[in-house]
Amino acid sequence: MYNLYKVFEKEELSLAYFGVFSDEITSMVIDLSESFLSKTENLGKLTKKTSFLIAESFQNIIRHSVLEKDRTTKVQDNKDFYQISIIHDKIIIASANIIEDKHINALNNHIEHINSLNSNQLKQLHLQVLANGSMSDKGGAGLGLIQIVRKSGLPLKKQFTRIDDQCSMLLLGLEISINKTVENNTKYLTSIERHYKKLIEHDILLLYKGDFSNASNSNIIEILNNNFVENGEILGGELKNIILIIEVMQNVSKHGKILNGIREGIFVISKSNNELYVECSNFVNQEQYEALKIRLEKIKSYTFEELDKEYKNTLGNSYLSDDGSGGLGLLEIARLTQNTFTFDFMETPEKEVFYSIKVKTS
Amino acid sequence: MEKLFIKSNKETPEIYFDGNNGFFSISGKSYPENVNVFYKPIFEYIDLYKQNPSEKIVVEFNWLYYNTATSKIIIKIILSLKDLRNEVDINWYYKKDFELIADKGKEIKEILELNLNLIEL
């Protein structure tokens, strides 16, 4: 986990999401992205503009994606992808789509054409598409990319990578400079592609790196909960997973060391052998490390009966610390995972302690 | 006394307390960053209610899910109302298939040794 953290270390905030993109989760991922922006100072008018670009970029993924049922086995390993990152004074929005090769030429020409237009020409094209454009089977009218370039005033960076004999991956990126200096480089697309490959390599479905405040936590939890919902109703059998995710995130958040004014951490959901794993990590203080390690080792040594007994004893006393901790979180994690959760403390070369906790959902 | 109504949020439940009729209802999700902060007005309301409690007390919980810190708050709410009257009706609603929520109700019933009605919706 620490190695993964190092990949994203220079990014103050980063959210990467793989998987099936649907209109239902769009608004939640947009909410989460917007809560990123609210933490970035000096954004001013850019906040609204960036929110718009995030929404369009996201919807673009949905509209150009190859339908799940059409995918070959090989393509199923390459998922649609969305990432937003804040690195110093830049916001980077990127998306990756698996597209059928027969659409590459048209899409490539479309992007190059809109990149070559000035603002007036873009406006004309926008009006023209509005008047004549036909809706695609996924509800797009070819307007999304035009709108992104119009609103951002920036060219859309693109990269096609072949995946198999039928499909390719289209990586699209926008780099928004907060200090308003427009830079024309494509280096960041290479770094996004590196992230994409790293996350695929680790079977990661969602990665969040940044501040572990509750505003971010609750958005992530809501996104994840959406995976446990059917017809708008939470599935009873999934409650355990929802509670596990909440407890893991809040546990790490409570123990997190404040570095550079934020309680930074990394949260990952991965899939391996059809099992979903949730892992959360951050830095802890040296004194917290000792106490936490002893506590975790004690809990891991418990039998189910001992675990149950301590849980009930702790629940029965009314103690709650000032920060709202009741001493039950780790016990709940142990109970819900049949004490199969794992943890790790790693001393970094900078003499910091990096704490990770990992649970298997069911 | 005035009723207390707090609308639910992403991470906090809906609260409906009607002190005049001794009716206290909490429903939804609860995993705020700090339960002490969110539930402070609830305990303030209960303190006020204690000055002139009603004859009958009915407490209703209808949870989707909640974090462990909230479970301590649930215990505190029950105990603070139980201090006032020996007979407090506690209704613990749970949706069909929400066995985990039913189990949590049973656990509270066992720990506090009280009459808690588990009601499947």
**Study point:** Index of the failed condition, B:Tyr39 passing every other in (1) over 21 Å from A:Lys312 (Cα atoms); (2) away from chain A (no Cβ under 11 Å); (3) at pLDDT 95 or above
**Key:** (2)
Exercise for review: Pull up region A:293-335, narrow it to residues that are of a type in the set (Gly, Ala, Ser) and more than 17 Å from A:Leu244 (Cα to Cα), then point me to the one that is surrounded by the fewest Cβ atoms within 10 Å (Cβ to Cβ).
Suggested key: A:Ser301
Review point. Going by the conditions given, is A:Asp344 within 14 Å of chain B (Cβ to nearest Cβ) and surrounded by fewer than 18 Cβ atoms within 10 Å (Cβ to Cβ)?
Key: no
Point to revise | From the options B:Glu44, B:Glu87, B:Glu99, residue that is of a type in the set (Asp, Glu), within 14 Å of chain A (Cβ to nearest Cβ) and more than 13 Å from the chain's Cα centre (by Cα) | key: B:Glu99
Exercise for review: Output the number of the condition that B:Lys29 fails; it satisfies all remaining conditions of (1) over 14 Å from the mean Cα position of the chain (by Cα); (2) of a type in the set (Lys, Arg); (3) surrounded by 17 or more Cβ atoms within 10 Å (Cβ to Cβ).
Suggested key: (1)
Point to revise | Single match in A:Leu320, A:Leu331 (criterion: within 14 Å of another protein chain (Cβ to nearest Cβ) and in a loop (DSSP other than H, G, I, E, B)) | key: A:Leu320
Practice item. Being modelled with pLDDT of 80 or more and polar (S, T, N, Q) narrows it down to one of A:Ser136, A:Ser177, A:Ser152, A:Ser116, so name that one. Key: A:Ser116
Point to revise | Pairs with Cβ under 8 Å, 6+ apart, first in region A:242-264 and in the same structural domain as A:Ile357 (by TED's automatic domain parsing) and over 18 Å from A:Leu320 (Cα atoms), second open to solvent by 40 Å² or more (accessible area, probe 1.4 Å) and in a helix (DSSP H, G or I) | key: A:Ile243/B:Leu100; A:Lys257/A:Gln288
Practice item. Can you work out which of the residues in region B:1-26 that are open to solvent by less than 60 Å² (accessible area, probe 1.4 Å) and in a loop (DSSP other than H, G, I, E, B) is farthest from B:Phe61 (Cα to Cα)? Key: B:Glu11
Check your understanding: In this structure, is B:Lys82 under 19 Å from A:Leu315 (Cα atoms), touching a residue at least 24 places away in the same chain (Cβ under 8 Å) and open to solvent by 20 Å² or more (accessible area, probe 1.4 Å)?
Key -> yes
Review point. If you go through region B:51-79, how many residues are without any contact (Cβ under 8 Å) to a residue 40 or more places away in the chain, open to solvent by 10 Å² or more (accessible area, probe 1.4 Å) and either touching a Ser or Thr at 6+ places or on another chain (Cβ under 6 Å) or more than 14 Å from chain A (Cβ to nearest Cβ) (or both)?
Key: 8
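The values are calculated or read from the model by the stated rules, or taken from the named source; none is laboratory data. The structure displayed is predicted, hence computed values, not measured ones. Reconstructed Cβ throughout: ideal geometry from the backbone, glycine too, with neighbour counts over all protein chains shown. The accessibility values were calculated without ligands, DNA or RNA, using every heavy atom of the protein model including side chains. Shrake-Rupley method; radii C 1.70, N 1.55, O 1.52, S 1.80 Å.
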